[in-house]
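Below is one structure, written out as structure tokens; the observations come after it.
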Number of protein chains: 2
Amino acid sequence: MSTTFKGMDPEAVRRITCIGAGPIGAGWAAYFLAQGYEVTSYIHDPVEEASLRKLIEDSWDALTEMGLGEGASLQKLTVTSDLAGAVEHAEFVKESAPESMPLKQALYEQLGELVADNVVISSSTSGMSMTEIQEKCSTPQRTVVGHPFNPPYLLPLVEVIGGEKTSPEAVDWVMRFWKVAGKAPLLMKKEIPGFVATRLQEAMWREGLHMIANGEASPEDIDFAILNGPGPRWALMGPTMIYHLGGGEGGMKYCLEQFGPALKLPWTRLEAPELTPELTQALIDGANRMADGRDYATLNKQRDAGLIAVRKARSKFGTT
Amino acid sequence: MSTTFKGMDPEAVRRITCIGAGPIGAGWAAYFLAQGYEVTSYIHDPVEEASLRKLIEDSWDALTEMGLGEGASLQKLTVTSDLAGAVEHAEFVKESAPESMPLKQALYEQLGELVADNVVISSSTSGMSMTEIQEKCSTPQRTVVGHPFNPPYLLPLVEVIGGEKTSPEAVDWVMRFWKVAGKAPLLMKKEIPGFVATRLQEAMWREGLHMIANGEASPEDIDFAILNGPGPRWALMGPTMIYHLGGGEGGMKYCLEQFGPALKLPWTRLEAPELTPELTQALIDGANRMADGRDYATLNKQRDAGLIAVRKARSKFGTT
């Protein structure tokens, strides 16, 4: 069940309210200021204002280097701990409150009354269900997950999914808004816990925790392995393209033939899915669409150039 | 049980034999040539020579940009399909044969007789056990896994672990050799299937396969999520440091307090380990050692600079 939603032109949005004073809430405020929006930051406790402003100011150099939008200014920031006032003129609300379901539900109950019902409320939750978050909200049709990655002002991904009571029009609206705002939104196909990227990241983290808990690797071993091994590739491509290139001239098809049987081996404590003909074909098709006509030699050349640039970039984080 | 191993000075190694004509075997040959070594490539079938040479030549631009070692030359490459001749003068053997246990066991049975017993034979296997690979080898004490990531000429990680019959001296020797040769070796604490980095990578890949098989995400969604979300961070740091920064000023300790309970949620199909006080402390200690005195603001600044450089590097792979 969902009520229809009708929003303003996403390109006309000027005033954004960001809820939350942590790295994510502050990061969103900084990002929107850098795109030229007027930003109101709501903080739960007035004592958080100094640390919020410092987080925002600390990100400004990076945002400047990435390129500021027209009218971008730190002067367009208002900080308040009055929730009603914070959202009164909001044309978009970005919620980055702590990850607690009772807290989010109580907040959405309030926001449901305070925020005009033609305005989308976007939650930064890392993996909780919007169906559950919107349970006590009287106007749930415009509440949509918009999950970023830290820092939200530099990483473009926003995972988008509504709850059961979210209107498809609100989801459409926010997908258009994210593109206007310069982000890379991913519309999820189903509401699954942890969404897409967090599930992938968590699977890796859990396997790492098992290894640390069993004395098989130290935290340093885990980090060393990632950043000297598969890590730099993930800056350039996801697992599908990595295995496509891993198959050499034969691409994904050859890769699955050669490494497919290894899925049955006890590599990781996660059970592998059956590599059915349908799944195999979906992977081959996906790899070919992403290769987009580029042959193996071309992909290899581009990957090498990218990896060299990535490896040079590592020294900025003090990594050699 | 292991027999003592006594190798030459790792700095004195000049002649290396690479076994295998695929992207990994060719990648190793290219890497060692670029470091100035004399390389003999053994290929199973003479028909593979042209494609092997092309793979090596195609990587030379990248290797040149990364900086060639003294005496580096494509002229120092010999290609042969005579195994005995290929290893006769070898001072180090890098085996990158196909991932088949019967094939590897038969190969190590031969190599055990053909290669001088003071020479290390290093397997590129992605996750198979050296204890099993060395079963039919008469001189198993110098056989050690050295697992690279593709392309081995650009990604520095080499995962190192011996089998039950491998001599600790051979493992010591090869750790020193990898450092002399300019790689980043990770000595594993235990012989576990899939080693460290492949287990981590596989956990993520399996979770992705489950999502694709269930219609929760397409291969493109998986890749899009990684490369616009957590991917760029993994070029700079591993999961421990990522969560340390995710905790804001409170670091890993705060992060585990806030997100620890999420480990119990059904994010990913992989069961989470218990977050015991010992595991919690190991993570906090590991994060602090890697932070190496850098405070949150410093780490944030360095990460931002790294991410900007990484994002600019992405365009080389045709990614915007």
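The values are calculated or read from the model by the stated rules, or taken from the named source; none is laboratory data. All of these numbers come straight from a predicted model, not from anything done at the bench. Every residue, glycine as well, gets a Cβ built from its backbone with ideal geometry; the counts of neighbours run over all protein chains shown.
Numbers at a glance
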quantity	calculated
Qualifying residue in segment A:264-273 (condition: out of contact with any Leu (no Cβ under 9 Å at 6 or more places or on another chain) and more than 20 Å from B:Ile192 (Cβ to Cβ))	no
Verdict on B:Ser126 being at pLDDT below 95, more than 20 Å from B:Leu33 (Cβ to Cβ) and buried (at least 22 other Cβ atoms within 10 Å of the Cβ)	yes
Which listed residue, of A:Val174, A:Val180, A:Val160, is of a type in the set (Val, Ile, Thr), touching a residue at least 24 places away in the same chain (Cβ under 8 Å), assigned by TED's automatic domain parsing to the domain that holds A:Tyr31 and crowded, with 24+ Cβ neighbours inside 10 Å	A:Val174
Which listed residue, of A:Ala34, A:Ala84, A:Ala50, is closer than 28 Å to A:Asp117 by Cβ and among the small types (Gly, Ala, Ser)	A:Ala84
Qualifying position, being of a type outside the set (Phe, Trp, Tyr), touching a Lys or Arg at 6+ places or on another chain (Cβ under 9 Å), closer than 20 Å to B:Glu91 by Cα and in the same structural domain as B:Ile16 (by TED's automatic domain parsing), among B:Asn118, B:Asn150	B:Asn118
Test: residue in segment A:45-66 that is over 29 Å from B:Lys264 (Cα atoms), β-branched (Val, Ile, Thr) and in contact with a strand residue (DSSP E or B) (Cβ under 6 Å, 6 or more places away or on another chain)	no
Residue list for segment A:4-57, filter: in a loop (DSSP other than H, G, I, E, B) and among the aromatic types (Phe, Trp, Tyr)	A:Phe5, A:Tyr37
All helices (runs of 4 or more DSSP H) inside segment A:171-267 with 3 or more residues being on the phi < 0 side of the Ramachandran plot and more than 7 Å from chain B (Cβ to nearest Cβ)	A:239-246, A:251-259
Segment A:297-310, residues that are surrounded by 13 or more Cβ atoms within 10 Å (Cβ to Cβ) and either within 7 Å of chain B (Cβ to nearest Cβ) or among the basic types (Lys, Arg) (or both)	A:Asn300, A:Lys301, A:Gln302, A:Arg303, A:Asp304, A:Ala305, A:Gly306, A:Leu307, A:Ile308, A:Ala309, A:Val310
Residue satisfying all of: in segment B:267-296; in contact with a helix residue (DSSP H, G or I) (Cβ under 6 Å, 6 or more places away or on another chain) and free of Cβ contacts under 8 Å to residues at least 24 places away in the same chain; surrounded by the most Cβ atoms within 10 Å (Cβ to Cβ) among these	B:Trp267
Test: residue in segment B:137-148 that is more than 22 Å from B:Ile24 (Cβ to Cβ) and either within 14 Å of chain A (Cβ to nearest Cβ) or within 16 Å of the chain's Cα centre (by Cα) (or both)	no
Those residues of segment B:183-210 which are within 23 Å of A:Gly215 (Cα to Cα), among the acidic types (Asp, Glu) and crowded, with 22+ Cβ neighbours inside 10 Å, in sequence order	B:Glu202
Selection within segment B:268-295 - facing another protein chain (nearest Cβ under 7 Å), among the aliphatic types (A, V, I, L, M) and in a loop (DSSP other than H, G, I, E, B)	B:Leu270, B:Ala272
Boolean, A:Leu103 is crowded, with 16+ Cβ neighbours inside 10 Å, within 16 Å of A:Ile43 (Cα to Cα) and in the same structural domain as A:Phe177 (by TED's automatic domain parsing)	no
Only one of B:Leu63, B:Leu52, B:Leu83, B:Leu33 that is within 22 Å of the chain's Cα centre (by Cα) and either free of Cβ contacts under 8 Å to residues at least 40 places away in the same chain or more than 23 Å from B:Trp178 (Cβ to Cβ) (or both)	B:Leu52
Pairs, first under 10 Å from A:Glu216 (Cβ atoms) in segment B:184-209, second of a type in the set (Asp, Glu), C-beta under 7 Å, six or more apart	B:Met188/B:Glu159; B:Lys189/A:Glu216; B:Lys190/A:Glu216; B:Ile192/A:Glu216; B:Phe195/B:Glu159; B:Val196/A:Asp221; B:Val196/B:Glu159; B:Arg199/A:Glu207
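A quick yes/no check of all residues on (1) buried (at least 20 other Cβ atoms within 10 Å of the Cβ); (2) closer than 25 Å to A:Ala305 by Cβ; (3) at pLDDT 95 or above; (4) of a type in the set (A, V, I, L, M):
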residue	(1), (2), (3), (4)
B:Thr17	yes, no, yes, no
B:Gly25	yes, yes, yes, no
B:Trp28	yes, yes, yes, no
B:Gly36	no, yes, yes, no
B:Val39	yes, yes, yes, yes
B:Ile43	yes, no, yes, yes
B:Glu49	no, no, yes, no
B:Leu55	yes, yes, no, yes
B:Ala62	yes, yes, no, yes
